[in-house]
Amino acid sequence: MLPLYIWIYVFILIFLWGFFFVARHHAYKYKNFSDNIPKVTETLFILLIWLSILWWILIFFLWDFDPQARINPEERPRNVNF
């Protein structure tokens, strides 16, 4: 299941960073129209860096890497006749 989460994580990050680079390109192209455009793109850059690091921590450090089944030592094995 972890590889699935990694691929979803990578896909979302590629989409968000692609959107950011397009927005950044337009911000430099049209930065003379408004003083807020460079501030917004810098804020978006910081937010994306923060989200990238946070998602990395959530996927790799909060994931349970022990997928083995738990065996209850009090439960006795049963014979099954087929």
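Restricting to region 20-29, count the residues that are in contact (Cβ under 8 Å) with a residue 12 or more places away in the chain and closer than 27 Å to Tyr5 by Cβ.
Summing the residues that are in contact (Cβ under 8 Å) with a residue 12 or more places away in the chain and closer than 27 Å to Tyr5 by Cβ in region 20-29 gives 2.
Quick grid of which residues meet (1) under 16 Å from Trp56 (Cβ atoms); (2) in contact (Cβ under 8 Å) with a residue 60 or more places away in the chain; (3) outside any helix (DSSP H, G or I):
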| site | (1), (2), (3) |
| --- | --- |
| Pro3 | yes, no, no |
| Ile6 | yes, no, no |
| Phe11 | yes, no, no |
| Gly18 | no, no, no |
| Lys31 | no, no, yes |
| Ser34 | no, no, yes |
| Ile37 | no, no, no |
| Glu42 | no, no, no |
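Only one residue in Leu62, Leu54 is loosely packed, with under 12 Cβ neighbours inside 10 Å, aliphatic (A, V, I, L, M), out of contact with any His (no Cβ under 9 Å at 6 or more places or on another chain) and at pLDDT below 85, so which one is that?
Leu62
The values are calculated or read from the model by the stated rules, or taken from the named source; none is laboratory data. Here the structure is a predicted model, which is why all the values come from computation and not from measurement. All Cβ positions, even for glycine, are placed from backbone atoms using ideal geometry, and neighbour counts span all protein chains on display.
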